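Please treat every number below as a calculation from the coordinates, not as lab data. All values reported here derive from a predicted model rather than from experimental measurement. Virtual Cβ from ideal backbone geometry, glycine too; neighbours counted across all protein chains shown.
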Amino acid sequence: MSLDALFKPFEFKSLKLPNRVVMAPMTRSFSPGGVPTAEVAAYYRRRAEGQVGLIITEGTGVPATPL
């Protein structure tokens, strides 16, 4: 498969992406107390402005032991 395929639009039902570049969440562990800050919003804004097709934001970690 050619890398050109990554930059072609993708559509599935109501989901319409400008390309097939997908970015996973990467900031939760860097947020103070696990709460996203304005800096986190700016981080995702910069990626969106860079034309990432889909950004999965902020995952929720499940602890291995009960709290």
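See the values below:
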item: Charge dipole magnitude, Cβ of K and R +1, D and E -1 - the range 3-55, Cα centre, debye nearest 20; result: 100 debye
item: Extension gain (nm, one decimal) between residue 55 and residue 13, 0.36 nm per residue minus Cα-Cα; result: 13.3 nm
